[in-house]
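**Q** What follows is a structure written as structure tokens; I'll ask about it next.
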């Protein structure tokens, strides 16, 4: 079957040779058990010995130093983001056929689009993350967070955090931002399940078909929601974007608006879920630092930044060379795919003193690269950080004796790009 591409995805296999003169590693993979359990140890060794190398199993050039990762993210004319939403591994024919549906046509607009389209769309999408919008959302997020935490604590110890609070809070937050009705939350959560595994994981054919069907349903919902906002606008991001279209259809098309929703409603959900869970793991794993934020909530914003540096929910990102170029004195042919190790860059001793120590008092923790650099710097960085701060403020106030369940084996989800636990059991 020849169904391999759409405007949004390239579902085909890619076989790009290693750049000439570049070290080749036949064993490195973010899917290795040792990497999944602790990516930082493996990355530290590579950063010290071979900071730039070709991972043969992946077909990617891997960069591990902060200076190289940041440079590639800034050089958008040489390294494009067009591959960031492509599945890491080829998708089977059955799932590809599902995605070949004529009405499944999300467009590259933000994370996987370059200029001039990216800047034109981003200018309008940024309105949804304005100071005004954040001020309106803050009490909504806080009220919902307090209700979810109360529900969690009412269940009695021990409790599983990710399903009761961690997954629901960011999902509901992004749905309210874009104006999805609360009554639709159950089906929206169902459709959002495992999409990140489809793109950045390794799934079998049966799972691929299920996820592809959910993705198509979600896309159709986004298109229908844009139409609803044309006739019944509200005070939400979608209605603001529809108003832009009504004033000037050339500024933003309806298809582009639906595509913004399609991307944001995933990017602001599961990734933030991992951020919340990783933060609790790190703080509760160091009792002194947990007690410090309980005693002084003013430390929480800095703690959130250190969580992003030390154990970011996004451990890598991708680029592809769009012309013959070079990085770190390695000649890179056009078409070379690049694995940017954000996890390694955030632990680079050239950037951070004692980088493998978790320290909520670190003065330069905000120098992390978890939200990227350059033109694609994360649109929702303030929203994600605000959610984490509100969660920690709520948890420390309501359950200062919160603790990890003793001897719990935390299992992380194998993924090319993301890092978060399957479950997180807490007691109090």
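Please treat every number below as a calculation from the coordinates, not as lab data. On a predicted model such as this, the values are computed, not experimentally measured, just so you know. Methodologically, a virtual Cβ is constructed for each residue, glycine included, from the backbone with ideal geometry; neighbour enumeration extends over all protein chains shown.
**Q** Would you report the distance distribution of C-alpha pairs in the range 133-200 as whole percents per 5 angstrom bin, up to the bin with the largest distance?
**A** 3, 14, 23, 22, 19, 13, 5, 0
**Q** If you don't mind, there's one more thing I want to ask. Would you kindly work out the equivalent ellipsoid of the range 24-427 from its C-alpha gyration tensor and give its semi-axes, the square roots of five times the eigenvalues, largest first in whole Å?
**A** Details: eigenvalues 179, 170, 85 Å².
Equivalent-ellipsoid dimensions as semi-axes: 30, 29, 21 Å.
**Q** Moving to a separate point now. Rounded to two decimals, what ratio of Rg to Rh does the range 140-289 give with C-alpha atoms and a Kirkwood Rh?
**A** 1.03
**Q** Output the direction-averaged projected area (hull surface divided by four) of the convex hull of the alpha-carbon atoms of the range 339-382, in nm².
**A** Over every viewing direction, the Cα hull of the range 339-382 projects on average to 3.8 nm².
**Q** Turning to a different aspect of this structure: Among 298, 341, which comes first, then next, by fewest other beta-carbon atoms within 10 Å?
**A** Working: 298 7, 341 26.
Taking fewest neighbouring Cβ atoms as first place, the list is 298, 341.
**Q** Sticking with this one: At 37 °C and 0.692 mPa s, what whole-number value in µm²/s does Stokes-Einstein give for the translational diffusion of the range 355-416, with Rh from the Kirkwood sum over Cα pairs?
**A** Once the numbers are plugged in, D ends up at 217 µm²/s.
**Q** OK, next. To two decimal places, what compactness ratio does the range 201-330 give when its Cα radius of gyration is scaled by 2.2 N^0.38 Å?
**A** So the Cα radius of gyration is 1.50 times the expected 2.2 N^0.38 Å.
**Q** Could I ask something else about it? Find how many whole Å separate the alpha carbon centroid of the range 140-179 from the alpha carbon centroid of the range 325-356.
**A** The distance from the Cα centre of the range 325-356 to that of the range 140-179 comes to 36 Å.
**Q** Counting only C-alpha contacts under 8 Å and six or more residues apart, can you give the relative contact order of the chain as a whole percent?
**A** Rounded, it is 25 percent for the chain.
**Q** Is the range 258-354 best put as rounded, prolate or oblate by its Cα gyration tensor, with a ≥ b ≥ c the root eigenvalues, rounded for a/c under 1.5, and otherwise prolate when a/b is larger than b/c, oblate when not? Walk me through the numbers on the way to the answer.
**A** Details: a/c = 3.64, a/b = 1.63, b/c = 2.23.
Judged from the Cα gyration tensor, the range 258-354 comes out oblate (a/c at least 1.5, b/c at or above a/b).
**Q** Using Stokes-Einstein with the Kirkwood hydrodynamic radius over Cα pairs, what translational diffusion coefficient do you get for the range 172-260 at 10 °C and a viscosity of 1.306 mPa s, in µm²/s rounded to a whole number?
**A** Result for D is 113 µm²/s.
**Q** Note down the Stokes-Einstein diffusion coefficient of the range 243-292 in µm²/s, whole number, using a Kirkwood radius over alpha carbon pairs, 10 °C, and 1.306 mPa s. Present the calculation step by step, with values, prior to reporting the outcome.
**A** Values: Rh = 13.8 Å.
Value of D from the Cα-based Kirkwood radius: 115 µm²/s.
**Q** Measure of size requested: the Rg and Dmax of the range 40-174, with Cα atoms as the atom set and Å as the unit; please supply both.
**A** Both quantities, over Cα of the range 40-174: 21.1, 54 Å.
**Q** Rounded to the nearest 500 deg cm²/dmol, what is the calculated helix-only ellipticity per residue at 222 nm for the chain, with -39500 (n - 2.57) per DSSP H run of length n ≥ 4?
**A** Only helices count here, giving -14500 deg cm²/dmol.
**Q** Going by how many other beta carbons lie within 10 Å of each one, how would you line up 425, 219, fewest first?
**A** Listed from fewest to most nearby Cβ atoms, that is 425, 219.
**Q** In square nanometres, what is one fourth of the surface area of the convex hull spanned by the alpha carbons of the range 82-122?
**A** Convex hull of Cα atoms, orientation-averaged projection: 3.5 nm².
**Q** Given a 10 angstrom Cα cut-off, can you work out which residue in 19, 139, 106 is the most mobile in a GNM of the chain?
**A** Most flexible of the set in this elastic network: 139.
**Q** Could you list 377, 416 in order of exposure, starting from the residue whose Cβ has the fewest other Cβ atoms within 10 Å?
**A** Details: 377 12, 416 22.
The fewest-first ordering by Cβ neighbours comes to 377, 416.
**Q** Moving to a separate point now. When only C-alpha pairs under 8 Å and at least 6 residues apart count, what is the relative contact order of the range 233-373, in percent? If you can, show how the numbers build up before the last one.
**A** Numbers: 143 pairs, mean separation 29.4, N = 141.
Relative contact order, the range 233-373: 21 percent.
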